[in-house]
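Inspection log for the structure reproduced underneath, given as structure tokens.
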Amino acid sequence: MTNASEEPSGSPIEVLTTSKFYVEITLQGSLETIDGYFMECSGLSRSQDVIEIAEVTPQVWGKSSSTKGRVVRTKIPGNVKCDNIILKQGLTISMTMWNWLKAVEDGKWSEQFRDGDITVYDQSDTERARFRFNGAWPVRYKVSDFKADGSEFAIAEVELSVRDFLRIN
């Protein structure tokens, strides 16, 4: 029997922090060696619909057993769906993310699907978890508000629709 804080292999379980991650995605036509340094990544979710089936059976039921046709409800797994992934980065002079969105808007969407990985590291900078998203394409590009008296960095937010989201490590 293993300890609750250990994996079956006997190694201790480590809870990972949210601050050590890397988003890897290669964009077509990019001239930059890195297409973006992302400060935040959210929407990493995969879920399954629940289908509820109600059927009437010939079973006798009720206090006097005079009623026929009992309703039986069953739940079964339905379609798997993945939420959109939202990436936030400091606004730069790079046009790469904007050009990707623009290519989709211009009707070249079937050529714009991209796959990528989100890697999570432990405190010693060792890869400990990897998530893969497939068939991603941009659906929204948003820039933070500007204020004349502000001192914050401008943020660009890119929302990606993904076909599939998997944990591979």
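Observations on the structure shown:
- Of the candidates D145, D125, the single residue that is in contact (Cβ under 8 Å) with a residue 60 or more places away in the chain, out of contact with any strand residue (DSSP E or B) (no Cβ under 9 Å at 6 or more places or on another chain) and farther than 19 Å from T26 by Cβ is D125.
So that you can scan it fast, the table gives a plain yes or no per residue for (1) farther than 22 Å from M95 by Cα; (2) among the aliphatic types (A, V, I, L, M); (3) not in a strand (DSSP E or B):
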site	(1), (2), (3)
G116	no, no, no
S124	yes, no, yes
N134	yes, no, no
K142	no, no, no
F146	no, no, yes
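- Residues satisfying the stated conditions in the stretch 148-169, i.e. more than 21 Å from T96 (Cβ to Cβ) and either assigned to a loop (DSSP other than H, G, I, E, B) or among the β-branched types (V, I, T) (or both): A148, D149, G150, S151, E152, R163, I168, N169
- Count of residues meeting criterion [touching a residue at least 24 places away in the same chain (Cβ under 8 Å), in a helix (DSSP H, G or I) and more than 20 Å from the chain's Cα centre (by Cα)] in the stretch 89-102: 3
- Any hit, the stretch 37-44, residues being over 30 Å from E152 (Cβ atoms) and hydroxyl-bearing (S, T, Y): no
- Neighbours by Cβ (under 8 Å, 6+ apart or cross-chain): first from the stretch 74-88, assigned to a strand (DSSP E or B); second of a type in the set (F, W, Y) and open to solvent by less than 40 Å² (accessible area, probe 1.4 Å): C82/F133; C82/F165; I85/F133; I85/F165; L87/F38; K88/F38
- Filtered residues of the stretch 148-167 (kept if open to solvent by less than 80 Å² (accessible area, probe 1.4 Å), out of contact with any helix residue (DSSP H, G or I) (no Cβ under 9 Å at 6 or more places or on another chain) and not charged (D, E, K, R)): G150, A154, I155, L160, S161, V162, F165, L166
- Residue, surrounded by the most Cβ atoms within 10 Å (Cβ to Cβ), within the stretch 1-46, restricted to residues that are modelled with pLDDT under 75 and of a type in the set (D, E): D35
Per-residue answers, yes or no, for (1) surrounded by 13 or more Cβ atoms within 10 Å (Cβ to Cβ); (2) touching a Cys at 6+ places or on another chain (Cβ under 9 Å); (3) modelled with pLDDT under 95; (4) of a type in the set (K, R):
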{"position": "S64", "(1), (2), (3), (4)": "no, no, yes, no"}
{"position": "G69", "(1), (2), (3), (4)": "no, no, yes, no"}
{"position": "I86", "(1), (2), (3), (4)": "yes, yes, no, no"}
{"position": "L101", "(1), (2), (3), (4)": "yes, no, yes, no"}
{"position": "E111", "(1), (2), (3), (4)": "no, no, yes, no"}
{"position": "R128", "(1), (2), (3), (4)": "yes, no, yes, yes"}
{"position": "G135", "(1), (2), (3), (4)": "yes, no, yes, no"}
{"position": "R140", "(1), (2), (3), (4)": "no, no, no, yes"}
{"position": "F146", "(1), (2), (3), (4)": "no, no, yes, no"}
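The values are calculated or read from the model by the stated rules, or taken from the named source; none is laboratory data. None of these values were measured; they are calculated from a predicted model. Quick reminder, even Gly has a Cβ in these numbers, built from the backbone with ideal geometry, and neighbours come from all protein chains shown. These accessible areas exclude ligands, DNA and RNA; they are computed on the full protein's heavy atoms, side chains included. Shrake-Rupley method; radii C 1.70, N 1.55, O 1.52, S 1.80 Å.
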